[in-house]
Amino acid sequence: MHELFMRDQRRHVTIIISALIFAILSFAGCSGGSRLPEGDTGTVKGKVTSNGKPVPDGTSIVFLHKDKGITASSAIAADGTYSLRMRRGDAILVGDYQIGVTPPTTEMTAAEADAAITGEAPAAKEWPEIPKKYQNPETSEVTFTVKAGENTFDLDMK
């Protein structure tokens, strides 16, 4: 019985968290519409590795435009490849970007769900394959200039 109760609690916490994420993303999406600011665009694809090896499944790459503050992102495939998207398309506004690599999201355990319900924050999972400095575009010190046309950006985190 306790196991069934815990499963229901986890399901409710997952639904609540999913709804919050959806609401935040919807609100953020509404503020700028689906159109890019005026200007030339390009496409960006490449490969992300950590010391030459693939990054964990579910990892994403994020490009933060230095002047406009808008982002482009992509899930990274099992072989490390990605193709950026911005505002529902592959047209990426030209300019200088700061780059970050976001670790995968993880499912909560029963203990973490209990902690979330009581207001205690569980410790974040560590991802040694993705050094902390790379997890935030503003601290990674990795930059790339997107130019009109096709662009390739490969990153091997050390």
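The values are calculated or read from the model by the stated rules, or taken from the named source; none is laboratory data. Remember, it's a predicted structure, so these values are computed and weren't measured experimentally. Ideal geometry is used to build each Cβ from the backbone, glycine not excepted, and the neighbour counts take in all protein chains shown.
To keep it simple, each residue is scored yes or no on (1) surrounded by fewer than 17 Cβ atoms within 10 Å (Cβ to Cβ); (2) at positive phi; (3) at pLDDT below 95; (4) not small (G, A, S).
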position	(1), (2), (3), (4)
A113	no, no, yes, no
K132	yes, no, yes, yes
S140	no, no, no, no
T143	yes, no, no, yes
F153	no, no, no, yes
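Looking at the structure I just gave you, is E126 farther than 28 Å from G52 by Cα, without any contact (Cβ under 8 Å) to a residue 60 or more places away in the chain, in a loop (DSSP other than H, G, I, E, B) and not hydroxyl-bearing (S, T, Y)?
No, not satisfied.
For residues that are surrounded by 20 or more Cβ atoms within 10 Å (Cβ to Cβ) and either touching a residue at least 60 places away in the same chain (Cβ under 8 Å) or over 18 Å from M157 (Cβ atoms) (or both), tally how many sit in the stretch 69-94.
Qualifying residue count, the stretch 69-94: 4.
Could you go through the stretch 69-77 and let me know if any residue there is at pLDDT below 95, more than 27 Å from P37 (Cα to Cα) and out of contact with any Leu (no Cβ under 7 Å at 6 or more places or on another chain).
Within the stretch 69-77, none of the residues are at pLDDT below 95, more than 27 Å from P37 (Cα to Cα) and out of contact with any Leu (no Cβ under 7 Å at 6 or more places or on another chain).
Here's the yes/no breakdown for (1) at pLDDT below 95; (2) closer than 20 Å to K132 by Cα; (3) among the hydrophobic types (A, V, I, L, M, F, W, C); (4) in a loop (DSSP other than H, G, I, E, B):
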{"residue": "F22", "(1), (2), (3), (4)": "yes, no, yes, no"}
{"residue": "L25", "(1), (2), (3), (4)": "yes, no, yes, no"}
{"residue": "E38", "(1), (2), (3), (4)": "yes, no, no, yes"}
{"residue": "V44", "(1), (2), (3), (4)": "no, no, yes, no"}
{"residue": "T49", "(1), (2), (3), (4)": "no, yes, no, no"}
{"residue": "P56", "(1), (2), (3), (4)": "yes, yes, no, yes"}
{"residue": "V62", "(1), (2), (3), (4)": "no, yes, yes, no"}
{"residue": "Y82", "(1), (2), (3), (4)": "no, no, no, no"}
{"residue": "M108", "(1), (2), (3), (4)": "yes, no, yes, yes"}
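Pairs needed: first member in the stretch 41-68, among the hydroxyl-bearing types (S, T, Y); second member anywhere, assigned to a strand (DSSP E or B); C-beta distance under 6 Å; at least 6 residues apart or different chains.
T41/I92; T41/L93; T43/E150; T49/D156; S50/M157; S60/S73; S60/A75; S60/T102
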